[in-house]
Amino acid sequence: LYERKPFITGNWKLNPNTKGEAIALAEDIASSVTSDSPGDVALFVPYPFIETVQNICGDKITVGAEMCTPEMKGAFTGGISPAMLASIGCKWVLAGHSERRTINKETDEYINAQCLKVIENDMSVMLCIGETLGEYEQNLAGPICELQLKKGLAGVSKEDMSSVAIAYEPVWAIGTGKVATPEIAQDVHEQIRATLKNMYGEDIGDSTKILYGGSVSPDSVDGLMAKPDIDGTLVGGASLSGESFGRIINFQA
Ligand code: PEP
């Protein structure tokens with residue numbers, strides 16, 4: 001039997017504005033994590049705040065980066081390499097967030113290179129996948145996720161899959177207040193798990209964590225987490241409030 005410990009994660013995106021605000025928010029969130037909290041917790045935060053947030057969170061919360069550049073060294077102005085992140089104790093990196101795919105035009109090939117380099121540098125990667133509203137309306141959530149999984153994980157070995165988690169984030173639910181119903185999310189998570197089993201075998205399909213993201217709030221978290229294939233959440237807006245994210249961290253199992 002596979003025990004997939006719940007994994008509650010937050011993505012601060014381009015927030016907050018100052019280091020002082022980041023400290024206050026991290027302290028507020030960290031105070032919600034207790035030995036009774038049902039899962040592991042991670043925060044993906046902007047680069048300038050990573051070490052500060054790590055110092056505040058200690059071993060209560062794992063701190064990750066919101067993206068990285070797959071290039072390792074040299075003339076790539078503005079780049080942040082996986083080796084740099086690993087060297088400051090960063091444990092996780094997000095790859096393929098829909099905002100990066102859309103605004104920064106990151107392709108599946110680029111996202112795949114990020115995944116490979118993050119793993120190569122002994123960190124874990126959370127690969128974000130999900131369909132647009134148009135694709136959802138055409139009943140294409142499953143096939144789109146399958147395609148993004150196959151492209152994003154190309155060259156990732158079975159052994160490496162212990163360093164991978166998947167975040168299913170329907171684009172129509174991110175930042176819109178329109179959370180997927182637990183039933184819709186469960187249905188797609190089941191299809192994602194089936195694809196992983198197809199790619200890597202039963203064991204890896206059963207042990208890989210699949211998180212849901214898209215307008216998760218204190219009101220929706222319990223219903224989502226009750227579903228068998230939803231192993232955690234990736235939370236944007238609601239991770240910017242200690243009160244809201246604290247409630248999500250301590251969801252009712
Ligand atoms: C996200 O940033 O991945 C996200 C799901 O945002 P929100 O919770 O605000 O929809």
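The values are calculated or read from the model by the stated rules, or taken from the named source; none is laboratory data. Quick caveat, the model's predicted, so the values are computed rather than measured. Here the Cβ positions follow ideal geometry from the backbone for every residue, glycine too, while neighbour counts run over all protein chains shown.
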Can you name every one of the helices (runs of 4 or more DSSP H) wholly within segment 88-137 that holds 1 or more residues which are surrounded by 18 or more Cβ atoms within 10 Å (Cβ to Cβ) and under 14 Å from the mean Cα position of the chain (by Cα)? 98-103, 108-120
From Lys227, Lys197, which residue is more than 16 Å from the ligand (Cβ to nearest atom) and closer than 22 Å to Asn11 by Cβ? Lys227
Report the residue count in segment 236-253 for those that are within 11 Å of the ligand (Cβ to nearest atom) and touching a helix residue (DSSP H, G or I) at 6+ places or on another chain (Cβ under 6 Å). 5
Within segment 5-24, which residues are surrounded by 13 or more Cβ atoms within 10 Å (Cβ to Cβ) and closer than 26 Å to Arg101 by Cβ? Phe7, Ile8, Thr9, Gly10, Asn11, Trp12, Lys13, Asn15, Pro16, Ala22
Just one of (1) modelled with pLDDT of 95 or more; (2) touching a Gly at 6+ places or on another chain (Cβ under 8 Å) trips up Glu183, so point out which. (2)
Quick check on this structure: which one of Leu211, Leu153, Leu147 is more than 15 Å from the ligand (Cβ to nearest atom) and surrounded by 21 or more Cβ atoms within 10 Å (Cβ to Cβ)? Leu153
Can you list the helices (runs of 4 or more DSSP H) lying wholly within segment 188-253 that have 3 or more residues being in contact with a Phe, Trp or Tyr (Cβ under 7 Å, 6 or more places away or on another chain) and of a type outside the set (Asp, Glu)? 221-225
Within segment 175-187, take every residue that is of a type in the set (Gly, Ala, Ser) and not in a helix (DSSP H, G or I) and give me the one that is nearest to the ligand (Cβ to nearest atom). Gly175
Does segment 39-69 hold any residues that are in contact with a Leu (Cβ under 7 Å, 6 or more places away or on another chain), of a type in the set (Gly, Ala, Ser) and touching a residue at least 40 places away in the same chain (Cβ under 8 Å), and which are they? Gly64
Might you let me know whether segment 197-218 holds any residue that is among the charged types (D, E, K, R) and in contact with a strand residue (DSSP E or B) (Cβ under 8 Å, 6 or more places away or on another chain)? yes
